[in-house]
1. Just to be sure, is residue 31 under 23 Å from residue 161 (Cβ atoms), in contact (Cβ under 8 Å) with a residue 60 or more places away in the chain and either touching a strand residue (DSSP E or B) at 6+ places or on another chain (Cβ under 7 Å) or buried (at least 22 other Cβ atoms within 10 Å of the Cβ) (or both)?
2. Which of (1) within 23 Å of the chain's Cα centre (by Cα); (2) open to solvent by 30 Å² or more (accessible area, probe 1.4 Å) is the odd one out, the single condition residue 292 does not satisfy?
3. Which ones in region 471-490 are more than 22 Å from residue 351 (Cβ to Cβ) and crowded, with 23+ Cβ neighbours inside 10 Å?
4. So how many residues does region 67-86 have that are in a helix (DSSP H, G or I) and polar (S, T, N, Q)?
5. Quick check on region 224-273: of everything there that is among the charged types (D, E, K, R), exposed (fewer than 15 other Cβ atoms within 10 Å of the Cβ) and in a loop (DSSP other than H, G, I, E, B), which residue is modelled with the lowest pLDDT?
6. If residue 416 passes every condition in (1) open to solvent by less than 40 Å² (accessible area, probe 1.4 Å); (2) in contact with a Gly (Cβ under 9 Å, 6 or more places away or on another chain); (3) small (Gly, Ala, Ser); (4) not in a loop (DSSP other than H, G, I, E, B) but one, which one does it miss?
7. Going through region 306-360 one residue at a time, which ones are part of a loop (DSSP other than H, G, I, E, B) and β-branched (Val, Ile, Thr)?
8. Scan 467, 463, 392, 396 and give me the residue that is small (Gly, Ala, Ser), in a helix (DSSP H, G or I), modelled with pLDDT under 95 and over 21 Å from the mean Cα position of the chain (by Cα).
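The values are calculated or read from the model by the stated rules, or taken from the named source; none is laboratory data. Just so we're clear, the structure is a prediction, and the values are computed from it rather than from any experiment. Cβ sites come from the backbone with ideal geometry, for glycine too, and all protein chains shown count toward neighbours. Calculation scope for accessible area: heavy atoms of the full protein, side chains included, ligands and nucleic acids excluded. Shrake-Rupley method; radii C 1.70, N 1.55, O 1.52, S 1.80 Å.
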Amino acid sequence: MKVGMISLGCAKNLVDAEVMMGSLLKEGFEITNENAEADALIINTCSFIDAAQEESVDTILESAEFREHANSGQALIVSGCLSQRYRKELPNLMPEVDAFMGIDQVEQVGDIVRQAVGNRGSRLGQAEEKPSIDETKRQVAELTASLPGEPLVDIHSRPDYIPAFETPRFRLTPDHFAYVKIAEGCNHPCSFCIIPRMRGSHRSRSQADIVQEARQLVADGVKELNLISQDSTYYGLDLRPGHRANISTPERFNAATSELPANASTLASLIRELNGIDGEFWIRILYTHPAHWTDEIIYAIAECDKVAKYVDMPLQHIHDAMLERMRRETSGQYIRDLIGRIREGIPGIALRTTFIVGFPGETEEYFESLLDFMREVRFERLGVFAYSKEDGTKAGAMESQLTDAQKEARHERAMATQLEISREIAAAQVGQIKRVLIEKKANAEEFQKATMISWEHGHIRSGEGNGVVDIGPCLIARGEADAPDIDGRVLVRGDLPLGQFADVRITGHTDYDLIAEPAKPSDTQ
C-alpha cells in the first residue's frame, strides 16, 4: 500500500511527519512522492496563525479536487494542529476527508491508514452532493471566526504524546542536518497564542533518550543537531519531583532552578553532554523563551565549542504596556538586561528574535519604541509578524483591535528598519573568515527565494531590496548565525564537498546574504 505525505508548518510538525512515515515504513507501507499513485494521502496541517490555517485548508481542498481526477479511490487523511484544534467541526465541513487524526495518534498512523483506505471504497458510492470548494472555504472561515476557545482534540483534551529514541522515524531533512525534539507542549499564558491548547502542557524527554538519539544521528553523518521544542529553556524543569507548571515568570523559574539537585536535567546539562559526543558537528538551540534564561545556560553555550553561537529568542515587543497585554511575563528592562548578559557572556553571539506589530492597543508611541529598540540592539536576525487575531485567545477578544491597513503599514516600517540594519551587519563581515556548512548547489529558483516567511519566525526578508545578484555558479552554505530555512545564506563561489564544513572568506554581500570564496590555507593561519 502506497502512502503520500504533505507536511505543512514548523520544524516540530515536520518531526511528527517523520515519525508517521517511520511508523508506516516499519509496518510495510511504501512511501511515494507521486501523490497520484498513493492509496492514501496524509496532510499534516498547521493552525498557528490564520495564514497557516488558510494554507492548510487550501491544501486539503485542492488535494481532494486533484483526487477526483487522478485517483478517486485514494483515502485523504488530515493530521496535525488543524484537526487537533477543530476535531468536532471539520468532519462536517469536509466530508471529502476520510480520516482526521490528532497529535497523540502519530504512531498509530498505520491502523488509521488501513481503516481510511478500507472505508474509502464504500464511501464512493454513498457520497452525497458536496459543496463547492469556495463554499467550503467560506464555511471554514466562518467557523474559525466564531468558535469558542475550548480545545478540540481527537483523543485527549490536552495531548500527552512525545517521541522517544525507539520511535520509528524517517528523516525528511537533508543528510547533513536533523531536528531533535527535546520537549513538547508549552506552559506559557501568552494572550495571542493557541499552541498550549493544541499541543498541551510542557513535557520533556529524558536527557539520556535525547543523547542516545543524538549519538545515532552523528554516527549517521549528521553535521548539525537543531534542538527544538515550544520552550527549550524550560527543558527538564517538569522532570523534577513535585513539578508545578506555574513557574513561568523569571522569578519563579530562577527559584525553581536554584532548588534543583546537582544531577538534574536542564538545557545547560543537556548541551554539555551533547557537546561531549565525538565528531565534528554543530548543536543549535531553537525556540528559547526570555523568561527562562539562566546564567548557567549562558556559561554552557560559551564553554561548549560545538554549540553554535546563536540565540533564537522571540521577544514579541519591548514596551511594558504591550508585554503586559501579551502576557509575556517579562519587562522591557528585564529584556535589555538579559541581552546585555548574553552578549557579554557569549562573545560573537548572533541574536535572532521575532516581533509582533499591530497588536491590540499598540499606539504609535509604543510602535516607535519598538523601532528604537531594534536600532539600539541591532539584532543579527529578525522576523516580523503583523498581528493575527486568533479565536480562543485572550488577545482575540481584546478591544482596540487595529485595522489590517494599520498592521500592514507597521509591518512594512519594521521590515524596512531591519533591512537597513541587515545591510550594515552584512557589510561589516566582508573580509572575515567563517566556518560554514555547505548545503547544496545553487540554482535559479534558489536565487528567487528573496521573500521568506515562517509561521513561527515571521516575515524574514522584505520584497523590497531583495539584493539578488548574478554571481555565477555557486554553492549555498550556512554559518553559525544561520538556522535552516529561516535565516541568511552564504553564497560560495568555488567547489567544496556538499554536507561538510569548510572555511570561507567573505568577499561581499547582498541585503541579507553573504558572498564568499573558499579560504586559502594562509587565511586560516
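1. Details: under 23 Å from residue 161 (Cβ atoms): yes; in contact (Cβ under 8 Å) with a residue 60 or more places away in the chain: yes; either touching a strand residue (DSSP E or B) at 6+ places or on another chain (Cβ under 7 Å) or buried (at least 22 other Cβ atoms within 10 Å of the Cβ) (or both): yes.
Taking the combined requirement at face value, the residue satisfies it.
2. In the conditions (1) within 23 Å of the chain's Cα centre (by Cα); (2) open to solvent by 30 Å² or more (accessible area, probe 1.4 Å), residue 292 misses (2) alone.
3. So the first thing to find is which residues in region 471-490 are more than 22 Å from residue 351 (Cβ to Cβ), and the list is 471-476.
475 - this is the single residue of region 471-490 that is more than 22 Å from residue 351 (Cβ to Cβ) and crowded, with 23+ Cβ neighbours inside 10 Å.
4. Of region 67-86, the ones in a helix (DSSP H, G or I) are 67-70, 81-85.
Those left that are additionally polar (S, T, N, Q): 83-84.
Qualifying residue count, region 67-86: 2.
5. Of all residues in region 224-273, those among the charged types (D, E, K, R) come to 224, 231, 238, 240, 244, 251-252, 259, 272-273.
Among the residues that remain, those that are also exposed (fewer than 15 other Cβ atoms within 10 Å of the Cβ) are: 244, 251-252, 259.
This time we only want the ones that are in a loop (DSSP other than H, G, I, E, B), so: 244, 259.
Values: 244: 77, 259: 90.
Step by step, filter region 224-273, then rank; the result is 244.
6. (1)
7. Of all residues in region 306-360, those part of a loop (DSSP other than H, G, I, E, B) come to 306, 308-309, 313-315, 317-319, 327-331, 346-349, 358-360.
The answer is 318, 330, 346, 349.
8. Details: 467 fails: in a helix (DSSP H, G or I); 463 fails: in a helix (DSSP H, G or I); 392 fails: in a helix (DSSP H, G or I).
Just a single option satisfies the conditions, and that option is 396.
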